[in-house]
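K.L.:
Could you have a look at this structure, given as structure tokens, before my questions?
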Amino acid sequence: MLRRALRLGLGRGPLSRGLGTHRGDSTLDQNGKLSEIKKKIQSVLPGGAWNPLYNTSHLPPEHSDVVIVGGGVIGLSVAYWLKRLEKRRGAIRVLVVERDHTYSRASTVLSVGGIRQQFSVPENIQLSLFSIEFLRNINEYLAVVDDPPLDIQFNPAGYLLLASEKGAAVMESNVKVQRQEGAKVCLMSPEQLRNKFPWINTEGVALASYGMEHEGWFDPWCLLQGLRRKVQSMGVLFCHGEVTRFVSSSSHAVTTSGEEVTLKRIHEVHVKRDHSLEYQPVECAIVINAAGAWSGQIAELAGVGKGPPGTLQGTRLPVELRKRYVYFWHCPQGPGLETPFVIDASGAYFRREGLGNNYLGGCSPTEEEEPDPGNLEVDHDFFQNKVWPPLAQRVPAFETLKVRNAWAGYYDYNTFDQNGVVGPHPLVVNMYFATGFSGHGLQQAPAVGRAVAEMVLDGHFQTINLSPFLFNRFYLGVKVQEHNII
Ligand SMILES: Cc1cc2nc3c(=O)[nH]c(=O)nc-3n(C[C@H](O)[C@H](O)[C@H](O)COP(=O)(O)OP(=O)(O)OC[C@H]3O[C@@H](n4cnc5c(N)ncnc54)[C@H](O)[C@@H]3O)c2cc1C
């Protein structure tokens, strides 16, 4: 079935779209030959407004085997793996549609760049273990001939998670799972903690876990640009525009439990360009929903969730925008270079930023405190009331910090269980999800891109079985029970 689906557009080279200009044009023009050619063409196309100098390379192609909605780190990683795993070079035409080329509101560039193996669900640990291998060997994956090597500025300082008496048993069992999966994590008593990190006040800390290898932070912008550069070199097409509509066909089927369902297949993606009321239809075989915090809206456009409540048809993709603040402060007396990425038992976190006694951090609000996601303005009172007090209690030197900057970004928040949604939709049969990572999508991007590409190309997960992350769980009510959501 997949092969049939992918047949559309196979073998078409990327150059078949549009008519680009090239350096020789000006010479032709000077010689007056161009106008002669134009005249000849116009004479054979009566009334035609065809203009060979009109550059259409900014428009999307009329056909693409795969259309990826969203050019953030997840969408680009899917594009990369599709090209890397395709069976024959140039076999699949992949188009990435991104509405904001400045990425001004994209989660990827507003994140804090952390990667850890300290999760409780084996699949999350495996995703991060592969991603760290990818990041630490980034030039083996993303090098481009004749371009300088990529430096994502990985800082292997580790994560330090602190648990109160109440959370100690869960921490211990999480670490057991992490070790079983191959992560190098140690448990520390308050005394060991004081010896290693003398700047920590261990009051209220019963246990700590510390990642000794492959944890830390890196520059998300560098990863995004590295992926972009690489996929362009692999022939992936880009279009600056907004996906506004899908055109699909429907057929009816009855499930084994007797439920009548409508199966949908998307045939066309409509892409609207800035400042234009027109849209460009792109015929396609597969759509990847990698629109991050906006992927719930993209799913709705495809008809996901539009059915009677309690049915598979009526089950929506539970991914929403959730605003998260990041504060950046200076503190000359702060912990210094030996600072890992610290997650306090209160939920507040911080890490070092650069080498000049600067730090950044924040804290997720409670459900009741969730700010209005309508804009990305920063609430400075949130720092005063919710972030600073627990951090100053944990690191007394932070009493004297000075906030220098702050920003807000959106989590692609999965309200069901705060974990990724990966793989196809059961009813919109050619829409695949790669979204809902709720604060850990950046670090999972390299592995998730590979998983989605495997699913698209082979029909099943090959390297990491991500079945627990399938959409079906929302209908079945089976949550991914991850204890370490930050
Ligand atoms: C403050 C903060 C801190 C974070 N810290 C970490 C961390 O330390 N570690 C970690 O792993 N993760 C972290 N995350 C989460 C991580 O940033 C995200 O999970 C990840 O970046 C999601 O990537 P994405 O490509 O799905 O989304 P985005 O980067 O948001 O990309 C989605 C893109 O889709 C585009 N788009 C949306 N709708 C359309 C449309 N209709 N047409 C065309 N384009 C469209 C958007 O313009 C956007 O560029 C953090 C997030 C925030 C906000």
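K.L.:
Take the residues of region 427-460 that are β-branched (Val, Ile, Thr) and over 27 Å from ARG324 (Cβ atoms): which is surrounded by the fewest Cβ atoms within 10 Å (Cβ to Cβ)?
P.N.:
Among those residues, the one meeting the criterion is VAL429.
K.L.:
Tell me, which residue of region 417-426 that is farther than 16 Å from ILE74 by Cα and surrounded by 19 or more Cβ atoms within 10 Å (Cβ to Cβ) is farthest from the ligand (Cβ to nearest atom)?
P.N.:
Out of the qualifying residues, it is HIS425.
K.L.:
Same structure again: Go through region 96-130 and report how many residues are more than 6 Å from the ligand (Cβ to nearest atom) and part of a loop (DSSP other than H, G, I, E, B).
P.N.:
Qualifying residue count, region 96-130: 10.
K.L.:
Between residues in region 265-292 that are more than 28 Å from TYR410 (Cα to Cα) and residues that are at pLDDT below 95 and of a type in the set (Gly, Ala, Ser), which pairs lie under 6 Å by C-beta distance while being six or more apart or on different chains?
P.N.:
Partner pairs satisfying both residue conditions: ALA285/ALA5.
K.L.:
Further question: Name the residues in region 72-95 that are within 17 Å of GLU242 (Cα to Cα), more than 6 Å from the ligand (Cβ to nearest atom) and under 16 Å from the mean Cα position of the chain (by Cα), would you?
P.N.:
If the condition is that a residue be within 17 Å of GLU242 (Cα to Cα), more than 6 Å from the ligand (Cβ to nearest atom) and under 16 Å from the mean Cα position of the chain (by Cα), then LEU76 is the only one that fits.
K.L.:
Filtering region 287-312 down to residues that are outside any loop (DSSP other than H, G, I, E, B) and hydrophobic (A, V, I, L, M, F, W, C), which residue is nearest to the ligand (Cβ to nearest atom)?
P.N.:
TRP294
K.L.:
With more than 11 Å from the ligand (Cβ to nearest atom), surrounded by fewer than 18 Cβ atoms within 10 Å (Cβ to Cβ) and hydroxyl-bearing (Ser, Thr, Tyr) as the only criterion, which of THR339, THR256, THR244, THR315 stands out?
P.N.:
Exactly one residue qualifies, and that residue is THR256.
K.L.:
Take region 430-463 and flag every residue that is within 11 Å of the ligand (Cβ to nearest atom) and among the β-branched types (Val, Ile, Thr).
P.N.:
THR435, VAL448
K.L.:
So which of ASP146, ASP151 ends up being more than 26 Å from CYS363 (Cα to Cα), more than 23 Å from the chain's Cα centre (by Cα) and not aromatic (Phe, Trp, Tyr)?
P.N.:
ASP146
K.L.:
Assuming ARG136 fulfils every condition listed in (1) surrounded by fewer than 18 Cβ atoms within 10 Å (Cβ to Cβ); (2) away from the ligand (no atom under 16 Å from the Cβ); (3) among the basic types (Lys, Arg) apart from one, which condition is it?
P.N.:
ARG136 satisfies all of (1) surrounded by fewer than 18 Cβ atoms within 10 Å (Cβ to Cβ); (2) away from the ligand (no atom under 16 Å from the Cβ); (3) among the basic types (Lys, Arg) except (2).
K.L.:
Give region 211-222 a look and list any residue that's farther than 13 Å from LEU110 by Cα, crowded, with 23+ Cβ neighbours inside 10 Å and either over 24 Å from the mean Cα position of the chain (by Cα) or within 10 Å of the ligand (Cβ to nearest atom) (or both), or say none.
P.N.:
Selection gives TRP217 alone.
K.L.:
On to the next question. Acidic (Asp, Glu) and within 15 Å of the ligand (Cβ to nearest atom): does that describe GLU283?
P.N.:
Against the criterion (acidic (Asp, Glu) and within 15 Å of the ligand (Cβ to nearest atom)), GLU283 does not qualify.
K.L.:
Shifting gears a bit: Go through region 260-286 and give me each residue that's farther than 16 Å from SER64 by Cβ, part of a strand (DSSP E or B) and acidic (Asp, Glu).
P.N.:
GLU260
K.L.:
Only one residue in PRO371, PRO396 is more than 30 Å from ALA253 (Cα to Cα), free of Cβ contacts under 8 Å to residues at least 60 places away in the same chain and surrounded by fewer than 19 Cβ atoms within 10 Å (Cβ to Cβ). Which one?
P.N.:
Only one candidate passes the filter, namely PRO371.
K.L.:
Every residue in region 95-105 that is surrounded by fewer than 24 Cβ atoms within 10 Å (Cβ to Cβ) and of a type outside the set (D, E, K, R), please.
P.N.:
HIS101, THR102, TYR103, SER104
K.L.:
If the Cβ limit is 7 Å and pairs must be 6+ apart or interchain, which residue in region 214-241 that is more than 30 Å from PHE350 (Cβ to Cβ) pairs with which residue that is surrounded by 21 or more Cβ atoms within 10 Å (Cβ to Cβ) and of a type in the set (S, T, N, Q)?
P.N.:
LEU237/SER64
K.L.:
If I ask for residues that are surrounded by 15 or more Cβ atoms within 10 Å (Cβ to Cβ) and either assigned to a strand (DSSP E or B) or of a type in the set (Lys, Arg) (or both), which ones from region 161-178 would you list?
P.N.:
LEU161, LEU162, ALA163, listed by residue number.
K.L.:
Any idea how many residues of region 261-285 are of a type in the set (D, E, K, R) and at pLDDT below 85?
P.N.:
Number of matching residues: 2.
The values are calculated or read from the model by the stated rules, or taken from the named source; none is laboratory data. Keep in mind the model is a prediction, meaning the values are calculated, not measured. Positions of Cβ are generated from backbone atoms using ideal geometry, with glycine treated the same way; all protein chains shown enter the neighbour counts.
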